[in-house]
Amino acid sequence: MAILEVVGIASVLPFMQLAANPGELLENKWLSKLYHVFSFDSEQDMLIASGVLVLTLLTISNVFKVFASWLQQKFTWDVSYKLGMRLLRVYLGKPYGYFLTHNSSELLANLVVEVGKVTTGILTPLCELIAQIIVALLIFTLLIIVNPTIALATLSVLGLAYILVYLARKRYLTQLGKERISLNQFRFTHLKELLNGIKTFRVYGVQDFFYRRYDTVSERFSQIQPRVHLVSVTPRHVVEIFAFGGVIVLVLVLISRGQNLQQILPMLTLYVLAGYRLLPALQKVYGSVIKLRHTFPTIEILEKDLQKDVPLQKSASVKHPIGDFSANLKLENVSFYYEDTNTAVISDLSVTIPKGKTIAFVGSTGSGKTTLVDLIVGLLHPKKGHIKIDNHILSVDNTLTWQNQIAYVPQEVFLFDDAAQRNIAIGLYDEEVDIKLVQKVAQVANIHDFISDELPKGYETVIGERGVRLSGGQRQRLGLARALYRQPKVLILDEATSALDSITESAVIDSLRAYSEDLTVIVIAHRLSTVRHADCIYLLEKGRIVAEGNYEKLIQKSEVFREMVELG
């Protein structure tokens with residue numbers, strides 16, 4: 001592209017010389033030879049042909065520039081796509097504990113904005129920088145061939161101006177880049193809070209407070225790019241003064257040497273055209289360097305996250321697979337504490353859960369029930385002790401084969417903005433869904449009649465973002481149907497019926513008991529009516545088991561459990 005551009009510029013000089021002095025046609029041996037080779041009828045015919053050739057070269061140059069620009073954009077955005085997917089794969093491959101210590105808004109900002117910034121602020125400017133440096137060097141080489149003194153003086157003035165401005169502002173640009181990233185993460189955080197909490201904010205009448213929090217960081221964020229733009233464009237306008245002033249000085253110098261206008265016109269035209277191409281090239285080089293400096297903090301942030309690329313669990317190799325659950329699940333002297341604290345959430349806990357039984361864990365808030373569930377499902381792993389499934393130790397290497405056999409229903413069921421059917425058969429394409437099984441598990445979860453009779457399109461009804469069109473109980477029952485669709489060997493219910501009324505809860509529990517004799521059910525509950533029929537109930541306190549037994553036995557021997565029943 002650079003060579004074509006310089007050829008297009010260089011071709012103007014002989015054409016302008018020929019136009020200014022047609023008599024040179026016969027005096028110049030090369031032009032005279034071309035005149036006779038192509039058998040032109042007159043000097044005017046050759047001049048016209050020369051003009052057409054110059055125009056053709058300039059056209060080819062510009063058409064190729066358009067193609068090269070498209071190719072450059074395609075390359076950079078392909079890289080951006082692959083980088084974004086790789087970063088998302090890295091995040092999805094992180095252990096569950098990573099998401100407990102990182103704000104989702106920060107990850108979202110990195111994926112949506114900062115990856116795109118790598119394209120617009122790193123890759124595109126880098127390609128532009130390389131291309132324009134080549135263009136500038138070739139144009140400068142052409143100018144040196146024509147007149148070395150003026151060429152060196154021109155490059156010294158123009159190049160020095162850009163270099164000095166960049167050196168003076170590069171630290172400022174880096175500071176603006178870091179500030180932009182920080183403010184952008186705050187924008188995502190505040191906006192996400194504002195939209196997710198709109199119901200609460202409306203009730204409390206505090207939406208203006210959260211609106212202003214977002215407004216404050218957005219205003220500061222909006223002020224950064226104009227400052228970067230100012231640093232980027234200022235040299236261009238200053239240099240234009242020197243460039244056009246240089247043309248005037250050049251004219252005066254040549255005239256003072258006794259050259260008439262007709263003699264200096266071709267060279268003057270060349271320098272004007274070269275300047276017309278050289279100034280934008282230098283400005284783009286400078287602008288690209290400015291973008292690179294401003295965006296460099298983004299690279300530092302993404303590099304930390306990309307250092308450990310891991311495969312998604314779906315394709316992860318399993319070194320020690322866990323076979324079909326057939327006997328029991330054991331927790332042997334399990335202890336766990338989070339990275340930022342040494343206080344044990346689960347302490348030296350041992351439990352055996354036989355296949356086909358219903359086991360419940362109860363306790364006050366902070367007793368360690370949720371952490372225990374996270375350990376059982378393999379989201380967290382013990383700091384001490386082991387979890388065994390039929391004598392296979394659960395570890396990072398075989399978690400996937402265990403999770404394929406279990407289903408988990410949390411208190412806050414995640415629902416996505418799609419049809420009820422797709423929320424039940426989560427992760428499957430329409431052609432893979434067993435609609436009969438969907439309806440069967442919906443009946444067990446006591447949600448089939450509601451979907452069939454009350455939703456306008458039945459199972460194809462879109463339930464809204466986070467299931468906003470459903471009640472809390474309906475969302476929980478849909479989550480239970482989703483869990484049963486997996487046909488699990490172990491079903492874990494973490495406060496999964498807390499939003500149900502007593503009659504519906506009783507019907508759901510009866511349906512579960514009749515669903516499968518081999519189904520192992522682990523229940524976490526505050527409301528003790530949920531665990532009345534459990535084969536064994538474990539009472540947790542500060543991460544330890546302080547009492548165990550069935551419902552009747554615990555009422556007799558545990559004062560704490562008895563108080564919980566009375567208060568419930």
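Values as computed for the structure displayed
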| quantity | calculated |
| --- | --- |
| Options V66, V115, V90, V135; residue that is in contact with an Asp or Glu (Cβ under 6 Å, 6 or more places away or on another chain) and either more than 24 Å from L379 (Cα to Cα) or loosely packed, with under 15 Cβ neighbours inside 10 Å (or both) | V135 |
| Selection status of V79, at pLDDT 80 or above, outside the structural domain of V377 (by TED's automatic domain parsing) and crowded, with 19+ Cβ neighbours inside 10 Å | no |
| Residue in the stretch 156-172 that is assigned by TED's automatic domain parsing to the domain that holds V285, closer than 21 Å to E240 by Cα and among the basic types (K, R) present | yes |
| Scan of the stretch 322-376 for residues that are over 19 Å from A534 (Cβ atoms) and in contact with a His (Cβ under 9 Å, 6 or more places away or on another chain), ordered by number | I322, G323, E332, N333, V334, F336, T365, L375 |
| Residue match in the stretch 453-464 (condition: closer than 28 Å to G378 by Cα, in contact with a helix residue (DSSP H, G or I) (Cβ under 7 Å, 6 or more places away or on another chain) and not basic (K, R)) | no |
| Any hit, the stretch 143-166, residues being out of contact with any helix residue (DSSP H, G or I) (no Cβ under 6 Å at 6 or more places or on another chain), of a type outside the set (F, W, Y) and within 17 Å of S288 (Cβ to Cβ) | yes |
| Top-ranked residue of the stretch 469-486 - restricted to ones that are under 23 Å from K457 (Cα atoms) and part of a loop (DSSP other than H, G, I, E, B), ranked as farthest from the chain's Cα centre (by Cα) | S471 |
| Residues (touching a Lys or Arg at 6+ places or on another chain (Cβ under 7 Å) and small (G, A, S)) located in the stretch 395-437 | A407 |
| Unique residue being closer than 24 Å to T371 by Cβ, β-branched (V, I, T) and either in contact (Cβ under 8 Å) with a residue 24 or more places away in the chain or in contact with a Lys or Arg (Cβ under 8 Å, 6 or more places away or on another chain) (or both) when the list is V508, V560, V490 | V490 |
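Quick grid of which residues meet (1) of a type in the set (D, E, K, R); (2) at pLDDT below 70; (3) within 17 Å of Y166 (Cα to Cα):
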| residue | (1), (2), (3) |
| --- | --- |
| V228 | no, no, yes |
| V231 | no, no, yes |
| A243 | no, yes, no |
| I248 | no, no, no |
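The values are calculated or read from the model by the stated rules, or taken from the named source; none is laboratory data. Everything numeric in this text was worked out from a predicted model, so none of it was measured. As a convention, Cβ positions derive from the backbone with ideal geometry for all residues, glycine included, and neighbour counts pool all protein chains shown.
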